[in-house]
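Have a look at the structure below, then the notes.
All of the numbers you see were taken from the coordinates with simple rules; none came from a lab. Since the model is a prediction, treat every value here as computed from it, not as a measurement. Please note: Cβ atoms are built from the backbone with ideal geometry, for glycine as well, and neighbour counts cover all protein chains shown.
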Amino acid sequence: MKQNPHVHSEKHLKYLENLPKKTLLDILENCYNEIFVNDGEGSVVYVNPACVRHYGIKPEDFIGMKNQDVFQGKWTPMVLDYAIKEKRTIFAKQRFIPADEELVTILTPVLSEDKSKVELIIGAVQERTIDHWDVSYKEDDLKRSRKGSRFKSSRVPIISHSFNYWEIITELRQVAQSTIPVLLLGESGTGKTHVAEYIHENSGREGLFISLNCTAISETLLESELFGYVAHAFTGASSKGKIGLIEMANNGTLFLDEIGDIPLHLQAKLLDVLENQRFIPVGSNKMEYVNIRIITATNKDMKKLVSEGKFREDLYWRISTFHTVIPPLRERKNDILPMAKYYLKMYNEKYKKTKKFTSETVEAMMTYDWPGNVRQLKNVVERLVVTTIGNSIEVQKLPEEMRIKIEKEKDLDMLEIDERTGSFDELVERYKRKLVEESYKENNSVRELAQALEITPSKAHRLIKRYGLDGVE
């Protein structure tokens, strides 16, 4: 294994070789910080007793488990795969979800002699306060953090374990420091408004975050709502006039959702705001100036709208200076459980309840494709907290449309493999289930099943849970 020459001199290495193994173990075992070691595939090879403080599990029970088995639903963001990919030390600010606690994790790869692969990942988890984090910055960074720039603790939480989602968030956090317009694309309910607010929170802008859904207001009122109007500008107008949302968002951020539905006659005025930071209120001849950041979002095909003449091409290129797609929940399955737990905690506090999901409910939620995305998940969890009698949220309490879809998926999985219907992935999944079921009947223990299929015990355990085989004799 490649040693770090800045840490291990030849004299120091000789000293370590002569140090008793018991001394080394005593150091690790009595370290207050959690120390864990994974191999290059992400399996745990060592963890010290401090892990009990976080997970309530004995160290020996972690050995051989995959990283996702240990951390799924407990930590965000997930960074081990990133450290393996980058082959360098990663400093990560993480949140331990069950305790709602913020910690610092330092992951250090140990490379092979030729640096071609990662052989071990040494991880250290340090519990900390915000003050401990602040003093690690340079003085000018610390000053900026107190002014509310990118180093401040955001009030808009990002609950995610998906690496593809965190790649997007990390990039947006960098863009937040600029005045570049941002266009958020993606299906309805994916959380575009939440992401827009996150950008504002990390921009350092001192003004308000103003949000408007362009389809929620009629075309006749949208202009006055955005640009405001002077006294008696039109029939029914207030004698005092009205400040528009653009002026209200001065020194802040204006978020325009469903931008694809804004009328053509307003698009030229909006372009002028973006290009020149100026506008004229309805009924006025006086130019007003603002310092404003505009973020837009839509679930429509903007290029198609441009080709059809329904959206100005020059405005499209301006609002999409930076654009990204917020992935649907079905493409970030790792986010379902942490999000469900987050909303469960939120609604338990709101309604003064102590509800908990059963394992069957969690499994059902993880397999469901959530066509309504994050919005649907949030609404379902609130409904479950309100309507469930007792503290356990059973799978039978899930909405009927969810249960019907889940049952159909189970019925497909139970089809015999020789019924050659469905996609390639469906056929493979049925074969896997059949193989696991038959092997588990012959080897009715996790360890024996793992040996029979030549897989790790943690994977065998996941497959048993996935296919509901706990009761198989």
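Observations
- Residues Lys240, Lys434 arranged by fewest to most Cβ contacts within 10 Å: Lys240, Lys434
- Taken over the alpha carbons of the range 163-327 as equal point scatterers, the Debye sum produces base-10 log I(q)/I(0) values at 0.16 Å⁻¹ of -0.91.
- Counting neighbouring beta carbons within 10 Å and listing from fewest to most, the residues Trp166, Trp370, Trp317 come out as Trp317, Trp166, Trp370.
- Subtracting the Cα-Cα distance of Asn276 and Thr321 from 0.36 nm times their residue separation leaves 14.7 nm of extension gain.
- Entries of Lys355/Lys434; Lys93/Lys304; Lys85/Lys353; Lys378/Lys459 with Cα pairs more than 32 Å apart: Lys355/Lys434; Lys93/Lys304; Lys85/Lys353
- Charge-dipole axis of the range 191-247 as Lys and Arg at +1 and Asp and Glu at -1 on Cβ define it, positive-most pick from Asn202, Ala231, Cys214: Ala231
- Values of log10 I(q)/I(0), in the order q = 0.14, 0.23, 0.24 Å⁻¹, for the range 330-407 under a Debye, Cα-only, solvent-free model: -0.39, -1.10, -1.21
- Given their separation in residues at 0.36 nm each and the Cα-Cα distance between them, Asn391 and Val45 gain 120.9 nm when the chain is fully extended.
- Contour excess over end-to-end distance, with Cα ends at Thr215 and Arg375 and 0.36 nm allotted per residue: 55.8 nm
- Theoretical FRET efficiency, 1/(1+(r/R0)^6), r = Cβ-Cβ of Glu60 and Ala452, R0 30 Å, to 0.05: 0.80
- Taken as Cα centroids, the range 276-303 and the range 320-338 sit 27 Å apart, rounded to the nearest whole angstrom.
- Placing unit charges on each Cβ (+1 for Lys and Arg, -1 for Asp and Glu) gives the range 330-407 a dipole about its Cα centre, and among Tyr351, Val374, Pro399 the Cα reaching farthest toward its positive end belongs to Tyr351.
- Under 19 Å from Lys14, Cα to Cα: lysines that are on another chain or at least 8 residues apart: Lys2, Lys22
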